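Quick notes on the structure that follows.
The values are calculated or read from the model by the stated rules, or taken from the named source; none is laboratory data. A quick note: this is a predicted structure, and the numbers were derived from the prediction, not measured. All Cβ positions, even for glycine, are placed from backbone atoms using ideal geometry, and neighbour counts span all protein chains on display. We work out accessible area using only protein heavy atoms, side chains counted, and drop any ligands, DNA or RNA first. Shrake-Rupley method; radii C 1.70, N 1.55, O 1.52, S 1.80 Å.
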Amino acid sequence: MERKGQGYNTNMASWETYLEDLRKKAPNVIVPLGLSAATFGVLFFLKKFNLIYQFFHKVDENSKRHGGELVAEVLNQHGIKHVFTLVGGHISPILVASEKIGIRVVDTRHEVTAVFAADAVARLSGTVGVAAVTAGPGLTNTVTAVKNAQMAESPVLLIGGAAATLLKGRGALQDIDQMSLFKPLCKFCATVNTVREIVPTLRKALQAAQSGTPGPVFVEFPIDTLYPYPLVKREIGMKDKGQTSFMQKIVNWYLQNHLSNLFAGAWEVRDSTPLPVSIPQASSSQVQQCVQLLSRAKKPVILLGSQATLPPTPVEQLRAALEVLGIPCFLGGMSRGLLGRRSEIQVRQQRRDALKDADVVVLAGAVCDFRLGYGRTLSRKSKIIAINRDKDQLFKNSDMFWKPTVAVQADVGGTMVSIAKGLAGYQCDKDWLELLRNRDEEKEKKNSLKAEEVTDTNLNPLKVLHTVEELLSDNTILVADGGDFVATAAYILRPRGPLCWLDPGAFGTLGVGGGFALGAKLSRPDAEVWIIYGDGSLGYSVAEFDTFTRHKTPVLALVGNDAGWTQIAREQVPLFGSSVACDLAFTDYEDVARGYGGTGLRLDRTNEDKTEDVLKQALQEYRKGNSVLVNVLIGKTNFREGSISV
């Protein structure tokens, strides 16, 4: 038999010449001199079909165990309490096994919601959030949520089904190149090709999700790695031995060998406990540089981003360190609420003016992207201390508009605690803090006056939100999902404590509401979970009211219904004179919620005088265990005019 390859006629007579040339090119890789062509061929055959491993690791052909049990075992060992999913045959063994050992399986109405819920669990619990979805369209439906988790730096494990190992690329149902989709989005991507790979692959994935800068990871499970041996054997297609030709015998041998390799060593005991997580820490010299800069500062400001809330530093410890420092703080992303509802050192308004005047600015997880004008809002006279786990985010746009005086690639929370210890006895200038607080109060008063204005139609959204602010309990978690209405709410609603605010982050994704609220309620069952929806964003996840009802995870949704995509219309209409594609209807969303088993209430001009009563009624229904949607018809205000930029 002859094969063409590498410019050689690779019949047995020419193997010696072929091997000799390969030895010269790669002496450390190719087998030693003196190995005959026949021996090399045998070794190649044994390696190709993994026969040596199979000889020492036998297959239990009668075992009813399946790969899903191994997946569940690893998740359990890593402290995973919930798996979010939309069911599919590819992943059924994982879901069944997880439920059997006490992991709660929560099925949603869309795969993207499952990943958003896992993202929320990761942010609030400090563990990895887990979503499992079926192959093909099940996975493609998650792409937006996975990208959102990547940009929000959330440790999420996405488990995906896949076509059987022998059928990949052969036109099987829902078979696509899934790895190509997720490699740009995930820190770690792997395909499990044999049952024995399940445990070590998942351990590596979970380690990667939490190490360095956290982020999503993806593990793909071909369907034959998850089902029991007898079932896989039946489906693999070997013909009856008594009715086979010579060629069919070869095919049968190949299939049997593939099956044996798939399950060889499958049920041997393997360590499934967590691998150590690597988190960058600031050096003592870096901390000392930061201490020296801040010790001389007269007008320092700290900008905290979501990274500040990441483990391992407890948020309570970080809060205490910041309060000891006494430096004015602006909070963004997941750090909103870090200092409680009202704090002497938190500043909420007129950040641009504060940055213009500051002599030292600490970017504690804050990034110079669009949210800080790509760095243009920072004064060139200011000394900048930048702290971030991710090198790219640490130096974002530093080649254009700003330069860090000290750049520390390290854990934000731990570094800030160390800086506070190094500044023992430091006191921030009280006049500086008072100046910023006076500006804050002035802006708050203007906002309050705006709330008293009468809109042309329906209710003033600022007035409604001020009423909500007074009704929120100290145990509230706020989920932000929308554009114009939610951006307005961010100025008025105050998170009650650390890790009590969830928004999509830098990706600006609409549709996170249902999933984030589901994950939040399951992570903290005693919390009162509010979703602040725009009417446009509500359309993405209103069907999850069915999920809330079925899984007895009540949430309270406040919908700012102005019958349009107002954040877009604010610019599109003045620029182009048309509201095309920006107009919606004043839909009866309260009826939609009722249809999914929830409670629906409505607020409009007809019952404006009962606004507080209706909101209290919503809270009463919620506290009975019902999910509630309050459809608030709102009018137009000029509160946010000029706040949107291209």
Q. Lysines near K396 by alpha-carbon distance under 17 Å, same-chain residues fewer than 8 away left out - which ones?
A. K383
**Q.** Unsatisfied cross-links (Cα-Cα over 24 Å) in the set K81/K233; K356/K446; K443/K616
**A.** K81/K233; K443/K616
Q | Estimated FRET transfer efficiency (V580, N638; beta-carbon r; R0 35 Å; 0.05) | A | 0.95
Q. Over its Cα atoms, what ratio of radius of gyration to 2.2 N^0.38 Å does the stretch 87-183 give?
A. 1.09
Q) For N62 and V87, what is the calculated FRET efficiency with R₀ set at 25 Å and r taken between the beta-carbons, to the nearest 0.05? A) 0.30
(Q) At 7 Å along Cα-to-Cβ for each site, give me the label-to-label distance between F49 and S295 in nm. (A) 7.3 nm
Q: Pop a pseudo-label 7 angstrom from the Cα along the beta-carbon direction at both R380 and F507 and give the gap in nm to one decimal.
A: 3.7 nm
Q: May I ask you to rank F263, F576 by accessible area, largest first, using a 1.4 Å probe over the protein chains only?
A: F576, F263
Q: Using a Förster distance of 56 angstrom, determine the FRET efficiency expected from the C-beta separation of E99 and Q248, and round it to 0.05.
A: 0.85
Q: Give the accessible area for V573 in Å² (nearest 10); use a 1.4 Å probe, count only protein heavy atoms, and leave out ligands, DNA and RNA.
A: 60 Å²
Q | Span from the the stretch 557-612 Cα centroid across to the the stretch 487-501 one, whole angstrom | A | 21 Å
Q.
Could you tell me the ratio Rg/Rh of the stretch 460-599? Both radii from Cα atoms, Rh via Kirkwood.
A. 0.97
(Q) At a threshold of 8 angstrom on Cα-Cα distance, excluding pairs fewer than six apart, so keeping six or more, what relative contact order does the stretch 153-270 reach in percent? (A) 34 percent
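First compute the accessible area of the chain with a 1.4 Å probe, then give the percent of it belonging to carbon and sulfur atoms.
Roughly 53 percent of what the probe reaches on the chain is carbon or sulfur.
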Q | 5 angstrom amide H check on F188, placed H, neighbours 5+ away | A | F218
Q. How high is the relative contact order of the stretch 56-210, in percent, with contacts defined as C-alpha pairs under 8 Å that are six or more residues apart?
A. 22 percent
Q.
For M334, what accessible surface area do you get with a 1.4 Å probe? Give it in Å², rounded to 10.
A. 10 Å²
Q | Whichever aspartates and glutamates have a C-alpha closer than 13 Å to that of K168, once near sequence neighbours (fewer than 8 apart) are set aside | A | D177, E220, D224
Q: Only helical DSSP H runs with n ≥ 4 go in: add -39500 (n - 2.57) per run for the chain, normalise by residue count and round the 222 nm mean residue ellipticity to 500 deg cm²/dmol.
A: -12000 deg cm²/dmol
Q) K187: which lysines have alpha carbons under 16 Å from its alpha carbon, excluding same-chain residues fewer than 8 sequence positions away? A) K147, K204, K391
Q: Evaluate the distance, in nm, between pseudo-label points positioned 7 Å from the Cα of D526 and of K356 along their respective Cα→Cβ axes.
A: 4.6 nm
Q.
Over all directions, how big on average is the projection of the convex hull of the alpha-carbon atoms in the chain, in square nanometres?
A. 36.4 nm²
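Can you give me the orientation-averaged projected area of the convex hull built on the Cα atoms of the stretch 336-445, in nm²?
Spelled out: convex hull of the Cα atoms, projected over all directions, averaged, 7.4 nm².
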Q: Would you mind telling me the antiparallel percentage of the DSSP bridges in the chain, rounded to 5?
A: 5 percent
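State, as an integer percentage, the relative contact order of the chain based on alpha-carbon contacts under 8 Å between residues 6 or more apart. Write out the running numbers ahead of the final one.
Numbers: 1264 pairs, mean separation 73.5, N = 646.
The normalised contact order for the chain reaches 11 percent.
Can you check how the C-alpha radius of gyration of the stretch 45-140 compares to 2.2 N^0.38 Å, as a plain ratio?
In units of the 2.2 N^0.38 Å rule of thumb, it is 1.33.
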